[in-house]
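Student: Below: one structure in structure tokens.
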Amino acid sequence: REPLANSANHEVGYEGKATFDFATNDINARIWVGGIHQKVSVAATTGGQTFSAASATAGVSATTSYIVTADTSAFSKTAEAAEIGAKVSAHGFGLVGYYYDGKNIGTPGMLFSNIPASGLTFNTDSADHDVNGGYVQATFTVPGAGTKIGASWGRSEIEGTAIGAGNSGTSTYENESWIVGAYHPLTKHLNLVAEYNDAEHKVDQSSGDNAGNGKAKARNVSLGAILFF
């Protein structure tokens, strides 16, 4: 793959994936593995760039200034990840499992070693961030009716990321989601869908100015249709 778009990076990246399908009796299965690797160079940046709150946000003190970027030296980092997954189906039942592990890749993005501590602070330092996650999904198709019911659980985590200027410390970010759904084929090209989703975002800042834990949840029900063509 082409180098990641930044002026200091000239390294070519590498991606690969292998898939193996097999069937025996009434069992169909697929196994896959994949990976990505890219070394990236980042140019030095000059810190101390600020702006006045009076010119940016109404209602904030005019004497307040915010650091936009921290002073950083040029550095190189390696962004890489590996994945493995498997899918098995038999007699109307289906099961999928997937896992990935890597560093400096994924949320918040390849090569960004942290998540901004706020909307006003952004710092890409030289520390690595580790990422991992996966999901499992189970389904069953009702004989005769064709209706498929299923449930899935997934999570992703960014471990111990440095969070940047003005909020020294480390944070771990975790997203987790449960989904239960029913899918009915009304016609060959139209499926009716009903889903329930329970999602949670957690942050654990072990040290620094804003040390502590945070949590946000979202629950929703969705009704709709999927058109295949």
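Student: Looking only at the stretch 1-23, count how many residues are at pLDDT 90 or above and open to solvent by less than 100 Å² (accessible area, probe 1.4 Å).
Tutor: Residues that pass the stated criteria total 6.
Student: If I filter the stretch 88-113 down to residues being surrounded by fewer than 14 Cβ atoms within 10 Å (Cβ to Cβ) and modelled with pLDDT under 95, which single residue comes out as farthest from the chain's Cα centre (by Cα)?
Tutor: His91
The values are calculated or read from the model by the stated rules, or taken from the named source; none is laboratory data. If you're wondering where the values come from, they're calculated on a predicted model, not measured in any experiment. Please note: Cβ atoms are built from the backbone with ideal geometry, for glycine as well, and neighbour counts cover all protein chains shown. Side chains are part of the model used for accessible areas, which takes the heavy atoms of the whole protein and leaves out ligands, DNA and RNA. Shrake-Rupley method; radii C 1.70, N 1.55, O 1.52, S 1.80 Å.
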